[in-house]
Amino acid sequence: MSLSSRHLIGLQGVPAEDIQSILDTAATFREVLERPIKKVPTLQGKTIVNLFYENSTRTRISFELAQKRLSADTVNFSTSTSSTKKGETFKDTVRNIEAMKVDMIIVRHESAGVPYFLTQVSKANIINAGDGRHEHPTQALLDMYSIKEKIGKIEGLKICIIGDIAHSRVALSNIYGLKALGAQVSVCGPLTMIPKGIESLGVKVYHNINEVIKTHDVLNILRIQLERKAGTNIPSLREYHNYFGVTAERLEKYNKDILILHPGPINRGVEISSEVADGPYQVILDQVTNGVAIRMAVLYLLGSMN
């Protein structure tokens, strides 16, 4: 299997064949994670730098584990101890890192467009681990893998992304990826959290959570991004929960067969109740495990192109 690009910047415009190749490869690596020895020599001799300018737990650790499971040499970049604190530009930092003969760079940054910029100044494979409000492609890929693992397909499913769409890079990557694989995608949330013109991406907009639960197969629930001042877009977190919170009562009343996803971290009692977060409808921890397999697949497929 091979991909049409040597970078993974986002899922916009990525062919369905590429997405399917990643999902199929991840299925193979998912089996590796169940073995007593969870390591293969696939990327032995490759050096990968994790360039994280934003806080991260799941994504950073998931990439690190994926790299180690593939036997790659891993270097973690710390912004707090780097020369950027001395005035070095981002471009010069990257060029100095590349001069050390690295093969791949995983980048997470608060500014949209940074991963693309890296493709212009570096010869390494670039993988976007989240850039601003733009995209988070590997999160969407693991979401898609989790849906397919549980339901058996994506094509034809009605999937709704719920919550803080305006601040979400996960939402955009999911919209692109799910639609490429033939899903019917919609979004739901307060008017203040739905970007204007999002219908142009081919999604339907809802503002009634009960209607969504009644008519959809999958809910992908996003948290309110308080660190990006998203709380100013709603009267209160309590009111948000009352109108848009996914609760056990709503699921029992309107749709007992629905599948619940959440990229984390969870704000319990806000976008999702504890009963749902820990209940039988969700695959939240499965998403975390699948994230390692997806990132192994992306690293392997891009690494094989060098």
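For Lys214, only one of the following conditions fails: (1) surrounded by fewer than 18 Cβ atoms within 10 Å (Cβ to Cβ); (2) touching a helix residue (DSSP H, G or I) at 6+ places or on another chain (Cβ under 7 Å); (3) over 22 Å from Ile154 (Cα atoms). What is its number? Failed condition: (3). Scanning the range 267-295 for residues that are without any contact (Cβ under 8 Å) to a residue 24 or more places away in the chain and either buried (at least 16 other Cβ atoms within 10 Å of the Cβ) or not in a helix (DSSP H, G or I) (or both) returns Arg268, Ala277, Asp278, Pro280, Gln282. Of Leu301, Leu259, all but one fail to be surrounded by 15 or more Cβ atoms within 10 Å (Cβ to Cβ) and under 24 Å from Lys158 (Cβ atoms); the exception is Leu259.
Restricting Lys153, Lys196 to those that are within 23 Å of Ile19 (Cα to Cα), free of Cβ contacts under 8 Å to residues at least 12 places away in the same chain and surrounded by fewer than 18 Cβ atoms within 10 Å (Cβ to Cβ) reduces the list to Lys153. Checked against the criteria, Arg223 counts as within 30 Å of Asn50 (Cα to Cα) and touching an Asp or Glu at 6+ places or on another chain (Cβ under 6 Å). Is at least one residue of the range 212-220 over 19 Å from Val276 (Cβ atoms) and either touching a residue at least 24 places away in the same chain (Cβ under 8 Å) or in contact with a strand residue (DSSP E or B) (Cβ under 8 Å, 6 or more places away or on another chain) (or both)? No, the conditions are met nowhere in the range 212-220.
In this entry, Glu17 passes the filter for residues that are under 17 Å from Pro137 (Cα atoms) and more than 17 Å from the chain's Cα centre (by Cα).
Residues that are touching a Gly at 6+ places or on another chain (Cβ under 8 Å) and of a type in the set (D, E, K, R) were ranked within the range 96-142; the one that is farthest from Val283 (Cα to Cα) is Asp103.
Among residues of the range 248-259 that are touching a residue at least 40 places away in the same chain (Cβ under 8 Å), those with a beta-carbon under 7 Å from a residue that is buried (at least 18 other Cβ atoms within 10 Å of the Cβ) and among the aromatic types (Phe, Trp, Tyr) at least six positions away or on a different chain give the pairs Ile258/Tyr281; Leu259/Tyr281.
Restricting attention to the range 261-275, does a residue exist that is at pLDDT 95 or above, among the aliphatic types (A, V, I, L, M) and under 18 Å from the mean Cα position of the chain (by Cα)? Looking through the range 261-275, at least one residue is at pLDDT 95 or above, among the aliphatic types (A, V, I, L, M) and under 18 Å from the mean Cα position of the chain (by Cα). Among the residues of the range 104-153, the ones that are among the polar types (S, T, N, Q) and more than 16 Å from the chain's Cα centre (by Cα) come to 5 in all. Within the range 32-61, being within 12 Å of Ala297 (Cβ to Cβ) and either within 21 Å of the chain's Cα centre (by Cα) or of a type outside the set (A, V, I, L, M) (or both) holds for Leu33, Thr42. Where helices (runs of 4 or more DSSP H) fall wholly inside the range 8-124, the ranges with 3 or more residues that are buried (at least 20 other Cβ atoms within 10 Å of the Cβ), in contact with a strand residue (DSSP E or B) (Cβ under 6 Å, 6 or more places away or on another chain) and touching a residue at least 12 places away in the same chain (Cβ under 8 Å) are 58-69, 114-121.
The values are calculated or read from the model by the stated rules, or taken from the named source; none is laboratory data. Treat the numbers as computed from the prediction; the structure is a model and nothing was measured. Cβ: placed from backbone, ideal geometry, glycine included. Neighbour counts: every protein chain shown.
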